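Below: the structure, in structure tokens.
The values are calculated or read from the model by the stated rules, or taken from the named source; none is laboratory data. Everything numeric in this text was worked out from a predicted model, so none of it was measured. Quick reminder, even Gly has a Cβ in these numbers, built from the backbone with ideal geometry, and neighbours come from all protein chains shown. These area figures cover heavy atoms from the full protein model, side chains too; ligands, DNA and RNA do not enter into them. Shrake-Rupley method; radii C 1.70, N 1.55, O 1.52, S 1.80 Å.
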Amino acid sequence: MKRVSERKRGDLIFYALCIAYPVIQFCIFYIGVNFNSILLSFKEYTYNDDGTFNLAFVGFLNFKNVFVDLFTNETLITCWENTLFVLLIIAISSPLALLFAYYIYQKRFLSRFFRIMLYLPMVISPLVITIMFKYSVEEALPVIMGKW
């Protein structure tokens, strides 16, 4: 068996020391926290009159409650409706946006007008902010400093 040279052993120790801190952080703050979250999903808090609480193992009851509430709770049903509405809007608007972009790319009738109208909001907003900054520095700031 070959002996590792002193230089390679030193490089290996240096690498191990450099990588040890992030690995320890990953183990504590990712694996440990997520493992604890999984354990807590099978438990239930019960609060006492003196302000303390107890943790009791309830098995899959929490999961059952979530799935029952997901389809019977009125607020969550409204959330489902809103989600489906947004998905419908996305399903309609995404193909239209692609077709519109392809039309502009093809340089057909009025494509330059549409290109300008689409980029106009990105130009106007910084322009307004620049004009407001210029006005405040040139006009308002000297008045404020004079009164101060």
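List of remarks:
- Taking segment 69-85 as the range and being surrounded by 10 or more Cβ atoms within 10 Å (Cβ to Cβ) and either among the β-branched types (Val, Ile, Thr) or at positive phi (or both) as the test, the residues that pass are ILE77, THR78, THR83.
- Selection within segment 117-134 - of a type in the set (A, V, I, L, M, F, W, C) and open to solvent by 100 Å² or more (accessible area, probe 1.4 Å): MET122, ILE129, ILE131, MET132, PHE133
- Test: residue in segment 101-110 that is among the hydroxyl-bearing types (Ser, Thr, Tyr), in a helix (DSSP H, G or I), surrounded by fewer than 11 Cβ atoms within 10 Å (Cβ to Cβ) and free of Cβ contacts under 8 Å to residues at least 40 places away in the same chain: yes
- Considering residues of segment 1-50 that are touching a strand residue (DSSP E or B) at 6+ places or on another chain (Cβ under 6 Å) and open to solvent by 100 Å² or more (accessible area, probe 1.4 Å) only, the residue nearest to LYS64 (Cα to Cα): TYR45
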